[in-house]
Amino acid sequence: MKVNEFEKKINYKFKNKSLINLAFTHSSFKNKKNTNYERLEFLGDRILSLIISEYLFLKYPIEDEGALSKRLSNLVSKKTLLEVANEINIKEMLKMDYSEKKNLKLKKNISILSDVCEALIGAIYLDSDLKNTKNFVFKYWEKKISKNISPPQDPKSLLQEVA
């Protein structure tokens, strides 16, 4: 998939194409600047958490911190990021060493795709502003936010509460 096709898919056009290219560049991909998506991933992780935290804070005004934290944890998890990454076909855009791509293990694949999804969020933020980044996040997370009527409960916490 080409960059302009991907931009149409996510409904965001990058002004600075180097940001979108960087967001999809794995550390195994040898380039002149030897740069990759990891710094953008760091930023994107924090921005995603901020956007989702603010939304949950406003949407659930009577929930306590614990319930909000459970919701947030679920919505920014590798699993949810992977769902979004697959929905927008990030794998097609990923630039990595051919042998690395060929030998990609499932668990590693999940981590890489979710990390690149966070890097994309960071790239959108740096290319524009928080408003455009929120538009992207809400487009792909809104259904995921709405589907949980009560805060998600991980099995370990549920067992501890029952005990």
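The values are calculated or read from the model by the stated rules, or taken from the named source; none is laboratory data. The shown structure was predicted, so the numbers you read here are calculated from the model rather than taken from an experiment. For neighbour counting, all protein chains shown are included, and Cβ atoms are generated from backbone atoms with ideal geometry for every residue, glycine included. The protein model used for the area step is the full one, side chains on, heavy atoms only, and it has no ligands, DNA or RNA in it. Shrake-Rupley method; radii C 1.70, N 1.55, O 1.52, S 1.80 Å.
State whether the residues of segment 14-21 include one that is of a type in the set (Gly, Ala, Ser), over 17 Å from Ala119 (Cα atoms) and more than 15 Å from the chain's Cα centre (by Cα).
Checked segment 14-21: no residue is of a type in the set (Gly, Ala, Ser), over 17 Å from Ala119 (Cα atoms) and more than 15 Å from the chain's Cα centre (by Cα).
Right, Phe6: open to solvent by 50 Å² or more (accessible area, probe 1.4 Å) and in a helix (DSSP H, G or I) or not?
no
Evaluate segment 26-33: report whether one residue or more is among the aromatic types (Phe, Trp, Tyr), over 22 Å from Leu130 (Cβ atoms) and in contact with an Asp or Glu (Cβ under 7 Å, 6 or more places away or on another chain).
Looking through segment 26-33, at least one residue is among the aromatic types (Phe, Trp, Tyr), over 22 Å from Leu130 (Cβ atoms) and in contact with an Asp or Glu (Cβ under 7 Å, 6 or more places away or on another chain).
Looking at segment 9-21 only, could you name the residues that are assigned to a loop (DSSP other than H, G, I, E, B) and either touching a Phe, Trp or Tyr at 6+ places or on another chain (Cβ under 6 Å) or surrounded by 17 or more Cβ atoms within 10 Å (Cβ to Cβ) (or both)?
Selection gives Tyr12, Phe14.
Taking the criterion of being modelled with pLDDT of 90 or more, over 30 Å from Leu22 (Cα atoms) and touching a helix residue (DSSP H, G or I) at 6+ places or on another chain (Cβ under 6 Å), would at least one residue in segment 58-70 satisfy it?
Yes, the conditions are met somewhere in segment 58-70.
Among helices (runs of 4 or more DSSP H) lying entirely in segment 22-88, which contain 1 or more residues that are touching a residue at least 40 places away in the same chain (Cβ under 8 Å), among the basic types (Lys, Arg) and surrounded by 13 or more Cβ atoms within 10 Å (Cβ to Cβ)?
Answer list for segment 22-88: 65-75.
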